[in-house]
Amino acid sequence: MKITKNELPEQAYSKQYADNGAFTDCYHVDIARSISLTDYLQAFYTTAIFKIERTILSTLTGQRADDRSAAQLASGQTDRFSIWRVEQRAENQILLCDMTQSTRSWLMVTPADTNSRVLTRLYFGSVVMPSKRSDNGQSSFGPLFHTLSGFHRLYSRALLASAAKKLLKQNL
């Protein structure tokens, strides 16, 4: 399974933050089946790797999340999930903002370009707001951001790969 880092698509909800100096990233993977945003969100937020993050966040913040609340987020029944709230949502993408408004998570599904078979491109990306800006508008993110950036890249890829593998195993 090939996870690819690429530029944000023009229609990405996180693009507005990239255009205003925030850190953004974008990864995608193509899978050989038709996947809805609902199915993608359900898979993403219920993978074993993400359950570890949910447990850590619950312990640190008291904001609980479980598979049921992931299903409610996926189906649009709620706009809250653990420390996140839905900032923007459409049929094919969602942008979630954390409770401190420092970070955002973006997920999107689109048909992948192909002539011969059904493929869905699953996107995942993050937004990190700058900790400060200089007088000339230059963004600064602080030492913790730079220290964790390598881990973040690996973790983002692992999250996306885990969701894609889970989707491929399911009978949708």
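Taken over the stretch 3-33, residues that are of a type outside the set (D, E, K, R), part of a strand (DSSP E or B) and either out of contact with any Phe, Trp or Tyr (no Cβ under 7 Å at 6 or more places or on another chain) or loosely packed, with under 14 Cβ neighbours inside 10 Å (or both) amount to 3. Being of a type in the set (K, R) and touching a Pro at 6+ places or on another chain (Cβ under 9 Å), is that true of even one residue in the stretch 117-124? Yes: one or more hits.
Of everything listed in (1) in contact with a Lys or Arg (Cβ under 6 Å, 6 or more places away or on another chain); (2) farther than 20 Å from Y155 by Cβ, the single unmet condition for S58 is (2). If you go through the stretch 34-77 and keep only what is surrounded by 14 or more Cβ atoms within 10 Å (Cβ to Cβ) and hydroxyl-bearing (S, T, Y), you end up with S36, T38, Y40, Y45, T46, T47, S58, S69. Taking the stretch 85-172 as the region of interest, the strands (runs of 3 or more DSSP E) fully inside it that hold 2 or more residues being surrounded by 15 or more Cβ atoms within 10 Å (Cβ to Cβ) and of a type in the set (V, I, T) are 103-111, 120-128. Going residue by residue through the stretch 49-59, is there one that turns out to be farther than 19 Å from L167 by Cβ and assigned to a loop (DSSP other than H, G, I, E, B)? Checking the stretch 49-59: not a single residue is farther than 19 Å from L167 by Cβ and assigned to a loop (DSSP other than H, G, I, E, B). Residues considered: L96, L122. Of these, the only one that is touching a residue at least 24 places away in the same chain (Cβ under 8 Å) and under 17 Å from Y13 (Cβ atoms) is L122.
Values quoted throughout were computed directly from the atomic coordinates according to the rules given, and no laboratory measurement underlies them. Please read these numbers as outputs of a predicted model, since none were measured by experiment. Cβ: placed from backbone, ideal geometry, glycine included. Neighbour counts: every protein chain shown.
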